[in-house]
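Participant: Pasting a structure below so you can have a look.
Read-outs: derived from the displayed coordinates by stated rules, not from any lab. Source: prediction; values computed, not measured. Positions of Cβ are generated from backbone atoms using ideal geometry, with glycine treated the same way; all protein chains shown enter the neighbour counts.
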Amino acid sequence: MSKLPPVLQKLALPVIGSPLFIISNPKLVIEQCKAGIVGSMPALNARPAEQLEDWLAEITETLAAWDRVHPEQPSAPFAINQIVHKSNDRLEHDMQVCAKYKVPIVITSLGAREDVNQAVHSWGGVVLHDIINNKFARKAIEKGADGLIAVAAGAGGHAGVKSPFALIQEIRQWFDGPLALSGSIASGGAILAAQAMGADFAYIGSAFIATDEARAVDGYKQAIVDSNSDDIVYSNLFTGVHGNYLAPSIRSAGLDPENLPVSDPSKMNFGGDAKKAWKDIWGCGQGIGAIRQVSSTADLVARLKREYRQARERLLEA
Ligand SMILES: Cc1cc2nc3c(=O)[nH]c(=O)nc-3n(C[C@H](O)[C@H](O)[C@H](O)COP(=O)(O)O)c2cc1C
């Protein structure tokens with residue numbers, strides 16, 4: 001296992017609840033942190049931009065109150081996701097608000113920038129950068145990120161094409177810092193498998209869409225319960241970058257998931273159009289066969305903890 005910064009050392013379960021565009025909100029983040037896993041949300045989910053300050057106040061105050069009452073079961077730290085892409089014109093504002101609240105963990109995606117990393121370090125925060133291959137991983141660490149999120153094949157939202165085995169093994173040949181594995185993890189056994197492979201954390205997104213706290217319509221949550229990996233389509237049509245989506249939502253939008261046209265990557269955009277695309281076309285990873293019901297976040301994390309413990313016991317008995 002690698003050396004971890006103090007902020008990542010004391011989780012009740014080695015899990016980071018990943019940021020979900022539109023879907024993550026303070027309610028979800030707070031419940032994830034109270035359950036002892038890192039909770040996160042994209043800064044861009046707060047709209048208008050001024051709302052970010054209210055949300056960070058709500059998260060920090062609620063978690064501080066929880067910690068006062070539950071010193072034996074303190075909350076895990078939270079993370080804010082910054083999309084470091086040229087189309088994100090709010091980055092400077094959102095970074096200032098993160099600085100004010102000394103956000104403990106910043107997750108950067110779609111671009112690695114030295115100035116962003118330095119800013120986070122200046123308030124004592126930790127930067128985790130998400131990557132889909134070893135080349136981008138090296139670049140991110142060269143630019144000053146503290147840790148990596150390896151986004152493997154089968155992840156929800158923008159996903160890579162690499163097997164998690166290949167990705168983790170290549171990164172671990174040169175990097176001994178914090179490393180999370182992302183893609184299709186939705187059970188306690190899969191969390192343990194990620195650790196066995198060499199990752200420190202499982203990075204879980206789609207499973208949290210089917211929770212009471214997630215800001216998704218009921219049809220989306222139920223589609224996750226009803227679907228499995230056969231219903232996931234990999235396409236770059238909706239944002240210009242390849243990602244995984246639920247086929248039923250593509251059909252509802254009047255398109256044939258089996259015959260989607262290919263898009264122009266230069267059209268990638270995280271302004272207003274992105275919100276429209278992600279609202280109707282439902283991003284989702286391949287791991288949802290493990291999701292049998294919509295539940296509270298607390299119940300989902302309790303299940304993951306139980307399964308993780310059972311998987312460890314099974315291996316020790318073998
Ligand atoms: C609906 C949806 C929205 C997402 N939005 C973001 C985002 O805004 N920023 C980001 O860094 N990753 C985003 N992701 C990717 C997740 O953070 C994470 O990599 C992925 O969900 C992990 O795979 P899993 O869904 O199979 O667990 C999104 C994923 C989904 C399913």
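Participant: Any residue in the range 187-202 that's touching a residue at least 40 places away in the same chain (Cβ under 8 Å): show its pairings with residues that are in a helix (DSSP H, G or I) and of a type in the set (Phe, Trp, Tyr) at Cβ separation under 8 Å, as long as the two are six or more apart or on different chains.
Facilitator: Within 8 Å, the pairs are 188/308; 189/308; 191/308; 192/308.
Participant: Can you name the number of the only condition in (1) exposed (fewer than 15 other Cβ atoms within 10 Å of the Cβ); (2) touching a Gly at 6+ places or on another chain (Cβ under 6 Å); (3) not polar (S, T, N, Q) that residue 39 fails?
Facilitator: (1)
Participant: Right, residue 209: among the aliphatic types (A, V, I, L, M) and buried (at least 24 other Cβ atoms within 10 Å of the Cβ) or not?
Facilitator: Considered against the rule, which asks whether it is among the aliphatic types (A, V, I, L, M) and buried (at least 24 other Cβ atoms within 10 Å of the Cβ), residue 209 comes out as yes.
Participant: Of everything in the range 164-192, what is small (Gly, Ala, Ser) and more than 18 Å from the chain's Cα centre (by Cα)? Give them in sequence order.
Facilitator: Across the range 164-192, the qualifying residues are 166, 177, 189.
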